[in-house]
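In what follows, a structure is listed as structure tokens, so that the remarks can point back to it.
Values in this text are rule-based calculations from the coordinates and carry no lab data. What you see is a predicted model; the values in this text were computed from it and never measured. Glycine also receives a Cβ, built like all others from the backbone with ideal geometry; neighbour counts cover every protein chain displayed.
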């Protein structure tokens, strides 16, 4: 029989599986959809980028809404919204503007999701189990991306959306039946109460503390490298390493590695805390591995012309990045237990900026370097190294908010 903690971790991790899977369907489906509807390149661009508009605009709403109305309600709304937006795509596809609007709603729903889960974890998961909770959460997201990338190319494009959209509806039924929420007069009750229960915090407090900025910057730096891998790995493998269509399946290997290392890192971090390591030393260790390791292996990746070796190096880079789930991503629940949903929302909003900027910036760097990719990876590694230094010097594990 699963404990309430285990059920909470499992349900939220499955929600993130669906979240991540739904997010990667459109980049796969847009190829056959464009062939059918004869969209131009600008139309395709609007469809693909409109997700980020909704995603960035709903992060803080999710964190503050979960605090006011409860994590159960907001996460239910989030999953229903993004699942409905996914399921109805074939009905909107006749109009590129209706489809773009549905993608914005998909982003709105998914933007509510993770901040709400962080709020739930800060209230419902004991401190000594948080590392593994965030490890499973991040790992299930990577598995969702992997499953969607492997399954969707074998389905008619309509059924890509029907099948994964339906998963969300099933999840909502299970969630409403199995998850119970304990609420006091104003907020959810903590399973592991913080030392200070401060509910009246000015918004300026969220940007006035260096320990918070160390988390925000570490998250930004982590995503800079991850978005480069997500957006450009198939292109780099094809253009620079001679990969053919059968080789592109190897782009799933880094996500498998990410999910495996995320789970192992979570258990390892909790074991260190159980062996009397301070929480701060564990968060700094895991963040250092999660930023310095990928930076180093991305440099190795850029220096080889051998496809199998390149796949190994990029897989290790993305795998080690999962250690951040036991590092700065877990740190929200310690530094701001009353407001973890909001601090994560701010962090994730800032960390979405690389997803928008590193695409055109990477293209410009490669063009200006006459087809060479080394500057792209040098900058990514440098960003990781700077993020690690700032987090190591400025982070904290004592409650601020």
(request) Classify the range 9-55 as rounded, prolate or oblate, taking a ≥ b ≥ c as the square roots of the eigenvalues of its Cα gyration tensor: rounded when a/c is under 1.5, otherwise prolate if a/b is larger than b/c and oblate if not. (result) oblate
(request) Please list 234-240, 366-372, 112-118 highest first by mean number of surrounding beta-carbon atoms within 10 Å per residue. (result) 112-118, 234-240, 366-372
(message) What FRET efficiency comes out for residue 154 versus residue 260 if R0 is 25 angstrom and r is the Cβ-Cβ distance? Round to the nearest 0.05.
(response) 0.55
(request) For residue 6 and residue 235, calculate 0.36 nm times their separation in residues minus their Cα-Cα distance, and state this gained length in nm to one decimal. (result) 78.5 nm
(message) Using a 7 Å offset from the Cα along the Cα-to-Cβ direction at both residue 368 and residue 393, what is the distance between the two label points in nm, to one decimal?
(response) 2.6 nm
(request) Please order 263, 47 by the number of other Cβ within 10 Å, starting at the fewest. (result) 263, 47
(request) Would you list the P(r) distribution for the range 56-136, with all Cα-Cα distances sorted into 5 Å bins from 0 and each bin expressed as a whole %? (result) 3, 17, 22, 17, 16, 11, 7, 4, 2, 1, 0
(request) Taking the Cβ of each residue in 121, 250 as the centre, tally the other Cβ atoms inside 10 Å and list the residues starting with the fewest. (result) 250, 121
(message) Please give the Cα centre distance for the range 89-108 versus the range 277-334, rounded to the nearest Å.
(response) 35 Å
(request) Determine one quarter of the surface area of the Cα convex hull of the range 208-401, which equals its mean projected area, and express it in nm² to one decimal. (result) 10.9 nm²
(message) Using Cβ contacts closer than 10 Å as the measure, can you line up 267, 332, 119 from fewest to most?
(response) 267, 332, 119
(request) Determine, from the Cβ-Cβ distance of residue 307 and residue 357 and an R0 of 30 Å, the FRET efficiency 1/(1 + (r/R0)^6), rounded to the nearest 0.05. (result) 0.60
(request) Take the alpha carbon atoms of the range 37-65, find their center, do the same for the range 339-401, and report the distance between the two centers in whole angstrom. (result) 20 Å
(request) Subtract the Cα-Cα distance of residue 191 and residue 98 from 0.36 nm times their separation in residues, and report this length gain in nm to one decimal. (result) 29.1 nm
(request) Provide the packing ranking of 27-38, 64-75, i.e. peptides ordered by the mean count of other C-beta atoms within 10 Å per residue, highest first. (result) 64-75, 27-38
(message) If packing is taken as the average number of other Cβ atoms within 10 Å across a peptide's residues, how do 201-210, 140-149 rank, most packed first?
(response) 140-149, 201-210
(request) Under a 10 Å cutoff between Cα atoms, tell me which one of 179, 391, 216 has the largest fluctuation in the Gaussian network model of the chain. (result) 179
(message) I need the shape label for the chain. Rule: rounded when a/c is under 1.5, else prolate if a/b > b/c, else oblate, with a, b, c from the alpha carbon gyration tensor.
(response) oblate
(message) Run lengths n ≥ 4 of DSSP H only: what is the helix-derived mean residue ellipticity at 222 nm for the chain, with -39500 (n - 2.57) per run over all residues, to the nearest 500?
(response) -26500 deg cm²/dmol
